[in-house]
Amino acid sequence: MITARIAAEDDFDGWRNQCRGLMRLGARPADVVWQVGEQRTDLFASAEASLEAAPIGVPKGFAELARSVICHSDPERFGLLYQLLIDLKARQRHMGDEADPLLRKLEMMAKNVRRDIHKMRAFLRFRRVEEEGGETGGEEHFVAWFEPEHHIVRTNAAFFVRRFAGMKWSILTPSLTIHWDRQTLLEASAKLKTDAPTEDSVEDQWKTYYSSIFNPARLKVNAMLKEMPKKYWHNMPETALVTELIQSARNREVAMIEKDIVPMVADTLATLRAEADRCRRCPLYGPATQLVFGEGPADARLMFVGEQPGDQEDRAGRPFVGPAGQIFDAALAQAGVDRTQSYVTNAVKHFKFRPEGKKRIHERPNVSEINHCRWWLKREIELVKPELIVALGATAALSLTGRSLPITASRGQVFESLEGVPVLVTIHPSYLLRLPDAKAAERERLQFVADLESAQRRLYR
Ligand code: URA
């Protein structure tokens with residue numbers, strides 16, 4: 001038996017080094033005991049494999065798969081990957097062989113890890129705590145508790161650093177704590193859930209807001225559960241109210257009808273816009289110049305939803321006025337759609353970007369940001385009551401339908417929004433700006449125009 005030791009559960013480099021040494025020794029997977037950290041569990045393990053060896057060439061796709069699988073919580077993963085590596089080298093297995101049970105198992109593990117990474121990004125909620133110095137002098141510090149299923153905290157740290165670079169924050173988990181002080185990322189030992197704050201000073205405002213916009217007549221429990229799996233609810237302030245709101249939804253609906261109560265929510269686009277202007281629940285408002293709300297007639301029959309404002313929209317405060325907007329306008333004109341008669345908005349209302357010198361580079365909004373902004377889009381839909389919505393690209397399609405739709409396969413098709421409004425899916429106009437091949441770009445542009453024509457035809461059927 002050979003003991004192969006690696007430093008941490010997610011230590012991909014350590015695992016790779018050990019594999020190199022093991023392969024040089026000709027060790028068979030069945031003869032290797034993998035250990036993490038200092039603990040020793042196998043009494044029969046006799047030799048230590050810690051020899052450094054020359055890199056081994058691996059087939060395309062293997063390293064990417066292994067990097068994900070290493071983060072899985074299954075203790076067998078190191079041995080399974082080593083087995084695959086040996087077999088690939090001996091050409092007894094091939095990456096891409098969909099029928100291979102070992103590859104399928106590892107692919108599934110990688111998928112679960114990716115899903116866990118995504119869940120952490122979407123469902124982690126920071127709470128504000130005040131540091132030493134009291135009400136006035138204290139420095140803001142944001143703390144979140146999260147329980148991942150796999151060893152993903154280090155892998156995910158770079159995302160949170162990028163996303164919340166200007167905030168001082170800590171993420172507490174049962175296996176590891178990470179702190180960001182706006183410059184350095186530090187690691188500390190595991191924490192208990194009780195170490196994390198359960199409420200912050202804006203929590204009550206958020207809950208009040210959430211319950212006031214919660215319209216019992218439009219409750220769709222399945223869609224809600226799909227968007228926010230129940231297991232993450234305990235970390236999310238808005239969900240503290242959900243069970244109670246669902247239970248009382250029917251009674252509230254009846255009471256509202258009987259008493260002729262108008263829900264306490266903005267009832268015009270102008271008041272809705274003013275409310276959205278004060279939204280602070282996700283951090284995107286911070287670096288952005290201003291809110292970019294939807295525009296167009298309040299009784300428009302057709303609504304267009306984009307992803308988020310770009311650089312020029314952020315400066316102008318209006319949707320689709322930059323380069324993507326120009327392509328959009330030209331395509332609308334060619335399709336015979338009058339933009340002034342349509343309501344044009346975005347899934348996310350603030351510009352998300354990363355500064356690079358003087359430039360502001362567009363960044364895609366994540367699921368959490370899309371979900372936070374969904375309230376505003378939902379209210380826009382409820383107020384405008386369009387007959388048809390056109391989703392421009394994947395972010396809009398996700399926000400509207402709650403589904404990750406592959407755009408190439410779904411374009412031109414009609415789905416249903418979470419409110420029950422038909423949604424015609426098409427590409428985002430900025431896609432046309434990115435196509436390097438002029439012929440392909442023209443083909444795609446004509447298809448985009450055809451999608452817009454089809455939207456127009458549906459209105460006049
Ligand atoms: N891209 C979008 O999705 N929306 C805009 O408003 C501008 C560019």
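General remarks:
- Inclusion of Arg339 among residues that are within 27 Å of Glu416 (Cβ to Cβ), charged (D, E, K, R), modelled with pLDDT of 95 or more and away from the ligand (no atom under 16 Å from the Cβ) is not warranted.
- The set of residues in the range 276-315 that are farther than 23 Å from Leu452 by Cβ and within 11 Å of the ligand (Cβ to nearest atom) comprises Asp311, Asp314.
- Pairing residues of the range 55-81 that are over 16 Å from Ala8 (Cβ atoms) with residues that are of a type in the set (Phe, Trp, Tyr) and outside any loop (DSSP other than H, G, I, E, B), at Cβ distances under 8 Å and at least 6 apart in sequence or on separate chains, gives Gly79/Trp34.
- Some residue of the range 381-395 being touching a helix residue (DSSP H, G or I) at 6+ places or on another chain (Cβ under 8 Å), at pLDDT below 95 and hydroxyl-bearing (Ser, Thr, Tyr): no
- Some residue of the range 434-442 being among the small types (Gly, Ala, Ser), in contact with a strand residue (DSSP E or B) (Cβ under 6 Å, 6 or more places away or on another chain) and not in a loop (DSSP other than H, G, I, E, B): no
- Subset of the range 335-366 [over 23 Å from the mean Cα position of the chain (by Cα) and of a type outside the set (A, V, I, L, M, F, W, C)]: Gly336, Asp338, Arg339, Thr340, Gln341, Ser342, Tyr343, Gly357, Lys358, Lys359
- Between Ala396, Ala347, Ala391, the distinction of being of a type in the set (A, V, I, L, M), in the same structural domain as Val449 (by TED's automatic domain parsing), within 14 Å of the ligand (Cβ to nearest atom) and in contact with a Cys (Cβ under 9 Å, 6 or more places away or on another chain) belongs to Ala347 only.
- Residue that is surrounded by the fewest Cβ atoms within 10 Å (Cβ to Cβ), among those in the range 399-435 that are within 16 Å of the ligand (Cβ to nearest atom) and of a type in the set (Gly, Ala, Ser): Ser430
- The lone exception for Glu132 - which of (1) at pLDDT below 95; (2) not assigned by TED's automatic domain parsing to the domain that holds Asn156 it fails: (2)
- Cβ pairs under 6 Å, 6+ apart, first in the range 1-25 and outside any strand (DSSP E or B), second among the aromatic types (Phe, Trp, Tyr): Met1/Phe44; Trp15/Phe78; Cys19/Tyr82
- Hits in the range 360-377 (condition: more than 29 Å from Arg458 (Cβ to Cβ) and within 16 Å of the ligand (Cβ to nearest atom)): Arg360, Ile361, His362, Glu363, Asn366, Glu369
- Qualifying residue in the range 18-29 (condition: surrounded by 13 or more Cβ atoms within 10 Å (Cβ to Cβ), within 22 Å of Ser175 (Cβ to Cβ) and among the hydrophobic types (A, V, I, L, M, F, W, C)): no
- Residue ID - nearest to Phe293 (Cα to Cα), chosen from residues in the range 316-326 that are aliphatic (A, V, I, L, M) and more than 7 Å from the ligand (Cβ to nearest atom): Ala316
The values are calculated or read from the model by the stated rules, or taken from the named source; none is laboratory data. For clarity, every value in this text was computed on a predicted model and none was experimentally measured. Using ideal geometry, Cβ is built from the backbone for each residue, glycine included, and neighbour counts are taken over all protein chains shown.
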